[in-house]
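See below for the structure under consideration.
The values are calculated or read from the model by the stated rules, or taken from the named source; none is laboratory data. All values reported here derive from a predicted model rather than from experimental measurement. All Cβ positions, even for glycine, are placed from backbone atoms using ideal geometry, and neighbour counts span all protein chains on display.
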Amino acid sequence: MNLTGIQGRVALVTGAGRGIGRAIAIALAGEGARVALSARTRSELDEVVGLIRQAGGESVAFEADLSQRPTPAALVAEVQLEMGPVDILVNNAGVGSSSNPKPLVAFDDDFWDLSLAVNLTAPYLLSRAVLPGMLERRHGRILTIASINSRRGSLHGAAYAASKHGVLGLMRTIAMETAADGVTVNCICPGPVVSLMNDKRMEYDAKRLGRDMAEHERLQTPIGGRLVPEDIAPMAVYLASDAARMITGQAYNVCGGLVMS
Ligand code: NAP
């Protein structure tokens, strides 16, 4: 595969301390990207920076709480000051339904606001912050980790499904606005991936359905079981590369066959 176009580029990966973001950051660094990692948990970021540097890559950690409205612009400014212009933005940080699952009639308003802030408003503000430079340089990649719940509802997860449906519309619109300017904008829609977020959702659903965990795990996808973060990273690397230069405004399911459309 022609994965040129990543070497030496500055990639900002949000939620890079663990799970899917961590795997994407490590994979991009493996292709020669200089990777800015952000999240709230310093210790997790430091561990990933260590792994990337140990493998000969370049990486810097930036602590940032993306639920706060001024943070995305401030984060991009800080990254650009320290590492140079952002060429690849990976909107990965997210709040899962598993943190506070409830039917709509009992839904928690504060949790609604938090989910929308991190899953939808932060990608909007981060994209706004990186786009002027990308347009000027006539090169950029914006990747957003949406969800299979961008395709269907999420039981007891109204804020999650709404924010993940919304981010698809946002990214398709940015793609339309930037298609002729060397910038591509795409989403990945993962199915259930082993992570802190999804482990909690698994426990909630297994209990709700009266299944033991082994059976519940097995039934997660038609292929069988859950994905791991490293199943998602290659698609992100591909979409960031020159090989994907004619792909924009798309959303790809990486979901073990859970949704086939
Ligand atoms: P995870 O392991 O819980 O990681 C979530 C990441 O987001 C962490 O690094 C977390 O870091 C960061 N984050 C959360 N709230 C934040 C905030 N307020 N400010 C900044 N960073 C924040 O979950 P994951 O499964 O890898 O999820 C990554 C993305 O994939 C999310 O967008 C999620 O919706 C999506 N996704 C996951 C699955 C799945 O099954 N796992 C399926 C579909 C889509 P801190 O807590 O340190 O801030």
_Take ASP113 and tell me if it is within 14 Å of the ligand (Cβ to nearest atom), free of Cβ contacts under 8 Å to residues at least 24 places away in the same chain and not aliphatic (A, V, I, L, M)._
yes
_Close pairs from the stretch 163-175: first in the same structural domain as SER147 (by TED's automatic domain parsing) and part of a helix (DSSP H, G or I), partner surrounded by fewer than 20 Cβ atoms within 10 Å (Cβ to Cβ) and of a type outside the set (Phe, Trp, Tyr), Cβ under 6 Å, at least 6 apart_ = SER163/LEU116; LEU168/ALA251; ARG172/GLY249; ALA175/GLY249
_Just to verify a result, which residue in the stretch 78-101, among those that are of a type in the set (A, V, I, L, M) and in contact (Cβ under 8 Å) with a residue 40 or more places away in the chain, is surrounded by the fewest Cβ atoms within 10 Å (Cβ to Cβ)?_
MET83
*Got a sec? Which of ARG128, ARG151 is modelled with pLDDT of 95 or more and away from the ligand (no atom under 12 Å from the Cβ)?*
ARG128
*Just one of ARG201, ARG151, ARG211, ARG138 is under 30 Å from THR4 (Cα atoms) and of a type in the set (Lys, Arg); which is it?*
ARG138
